[in-house]
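First up is the structure itself, then whatever we jot down about it.
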Amino acid sequence: MGAGGPAGDRASRPAGEAATGITCPTCGGAIWDEHGEKGLAFHCRIGHSFLLGAMLANHAAKHRETLATAIRYTAEAAALKRLIASWAWTHEHSLAAARLDEEADMLDRTARELERVAGTAFALGASSGP
Ligand SMILES: [Zn+2]
């Protein structure tokens, strides 16, 4: 197997540590947990390291940022569909316009649901921690 493939990943994994399946909130790479003298800590392949409290805070910040991006793109997709639908209505493409308006409505509902879910997730995150 060539360099950079799965064999390369295994070869560079820190000895005696198991990957968590969680990604580094700074670079998005794999992250490993370590149970050392300072308690539970985390580090990624390129050297970002976090004690437990920092990992929770940084991961929560990345979670908020990612959800905000999802909400923004969903709302933008609805706005784009509405803009195109408006053009289609004025150019006598009524079937396409009606379909685009329906898709925009669905995207608006999805954006509102994402906002509701994000609010729930952040309310839960505010009370967790060591
Ligand atoms: Zn990292």
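Fully extending the segment from A68 to T90, taken as 0.36 nm per residue of separation minus the present Cα-Cα distance, adds 4.6 nm. Count Lys and Arg as plus one, Asp and Glu as minus one, and take only other residues whose Cβ is under 11 Å from that of C24; the net charge is then +2. Amide H contacts under 5 Å for I22: I31, restricted to partners 5 or more places along the chain or on a different chain, H placed in the peptide plane at 1.01 Å from N.
Length gained on full extension, K38 to A57: 5.1 nm, using 0.36 nm per residue less the C-alpha separation.
According to the square roots a ≥ b ≥ c of the eigenvalues of the Cα gyration tensor, what is the shape class of region 6-126, taking rounded for a/c under 1.5, prolate for a/b larger than b/c otherwise, and oblate for the remainder? Cα axes put region 6-126 in the prolate bin.
Read the figures in this text as sums done on the coordinates, not as results from a lab. These numbers come from a predicted model, not from an experiment. All Cβ positions, glycine included, derive from the backbone under ideal geometry; neighbour counts span all protein chains shown.
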